[in-house]
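Visitor: Input: one structure, supplied below.
The values are calculated or read from the model by the stated rules, or taken from the named source; none is laboratory data. Model, not experiment: these values are computed from the prediction. Cβ atoms come from the backbone with ideal geometry, glycine included; neighbour counts cover every protein chain shown.
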């Protein structure tokens with residue numbers, strides 16, 4: 001993909017998150033795209049990936065996404081991002097806590113032609129769970 005095509009993908013991500021449009025977020029994914037996620041494990045296929053986005057939009061209805069940096073070369077790109085929101089509905093089996101979170105992460109994309117064929121998401125899920133109050137850390141002695 002060209003740098004311009006990758007930048008359009010990032011803009012689509014911004015719009016998709018802002019409008020909570022799972023279909024837009026997966027529009028550039030190949031039908032058999034694979035996503036590796038700290039929360040959801042191995043996610044296979046465009047339809048299943050869209051379900052995961054919808055679960056996030058449901059659990060965190062005020063979720064905000066900000067792409068902060070982009071590095072691209074040939075058929076790969078890394079997008080660094082920040083996601084914030086408030087836990088207002090069930091998420092991964094945890095009932096709503098009403099608590100806010102902020103996580104920073106990165107997504108490593110592999111492209112074939114103009115489609116995403118693989119994405120590896122890297123972020124600290126433990127920090128998210130601690131911020132929304134479903135995981136407690138013991139204080140240091």
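Visitor: Given 71, 117, which one is surrounded by fewer than 17 Cβ atoms within 10 Å (Cβ to Cβ), free of Cβ contacts under 8 Å to residues at least 40 places away in the same chain and closer than 22 Å to residue 2 by Cβ? Talk me through it step by step, then tell me what you get.
Guide: Details: 117 fails: free of Cβ contacts under 8 Å to residues at least 40 places away in the same chain.
Of the residues listed, the single one that is surrounded by fewer than 17 Cβ atoms within 10 Å (Cβ to Cβ), free of Cβ contacts under 8 Å to residues at least 40 places away in the same chain and closer than 22 Å to residue 2 by Cβ is 71.
Visitor: Hey, another quick one. What residue, of 106, 59, is out of contact with any helix residue (DSSP H, G or I) (no Cβ under 8 Å at 6 or more places or on another chain), surrounded by 16 or more Cβ atoms within 10 Å (Cβ to Cβ), closer than 19 Å to residue 17 by Cα and modelled with pLDDT of 95 or more? Before you say what the answer is, go through the steps one by one.
Guide: Values: 106 fails: surrounded by 16 or more Cβ atoms within 10 Å (Cβ to Cβ).
After ruling out the rest, the residue left standing is 59.
Visitor: Would you be able to say whether some residue in region 33-45 is surrounded by 13 or more Cβ atoms within 10 Å (Cβ to Cβ), in a helix (DSSP H, G or I) and touching a strand residue (DSSP E or B) at 6+ places or on another chain (Cβ under 7 Å)? Spell out the reasoning first.
Guide: Kept after step one, since they are surrounded by 13 or more Cβ atoms within 10 Å (Cβ to Cβ), are these residues of region 33-45: 33-40, 43, 45.
Applying the additional criterion that residues be in a helix (DSSP H, G or I) yields none.
No, region 33-45 contains no residue that is surrounded by 13 or more Cβ atoms within 10 Å (Cβ to Cβ), in a helix (DSSP H, G or I) and touching a strand residue (DSSP E or B) at 6+ places or on another chain (Cβ under 7 Å).
Visitor: Might you check whether a residue that is without any contact (Cβ under 8 Å) to a residue 60 or more places away in the chain and within 21 Å of residue 11 (Cβ to Cβ) occurs anywhere in region 97-104? Before you say what the answer is, go through the steps one by one.
Guide: Step one: of region 97-104, the residues without any contact (Cβ under 8 Å) to a residue 60 or more places away in the chain are 97-104.
Restricting the remaining residues to those that are within 21 Å of residue 11 (Cβ to Cβ) gives 104.
Yes: one or more hits.
Visitor: On the basis of being closer than 24 Å to residue 2 by Cα and under 17 Å from the mean Cα position of the chain (by Cα), does residue 83 make the cut? Walk me through how you get there before you give the answer.
Guide: On the way: closer than 24 Å to residue 2 by Cα: no; under 17 Å from the mean Cα position of the chain (by Cα): yes.
No.
Visitor: Which of the residues that make up region 15-32 are free of Cβ contacts under 8 Å to residues at least 60 places away in the same chain, exposed (fewer than 15 other Cβ atoms within 10 Å of the Cβ) and either in contact with a strand residue (DSSP E or B) (Cβ under 8 Å, 6 or more places away or on another chain) or closer than 12 Å to residue 117 by Cβ (or both)?
Guide: Those that are free of Cβ contacts under 8 Å to residues at least 60 places away in the same chain, exposed (fewer than 15 other Cβ atoms within 10 Å of the Cβ) and either in contact with a strand residue (DSSP E or B) (Cβ under 8 Å, 6 or more places away or on another chain) or closer than 12 Å to residue 117 by Cβ (or both): 18, 31.
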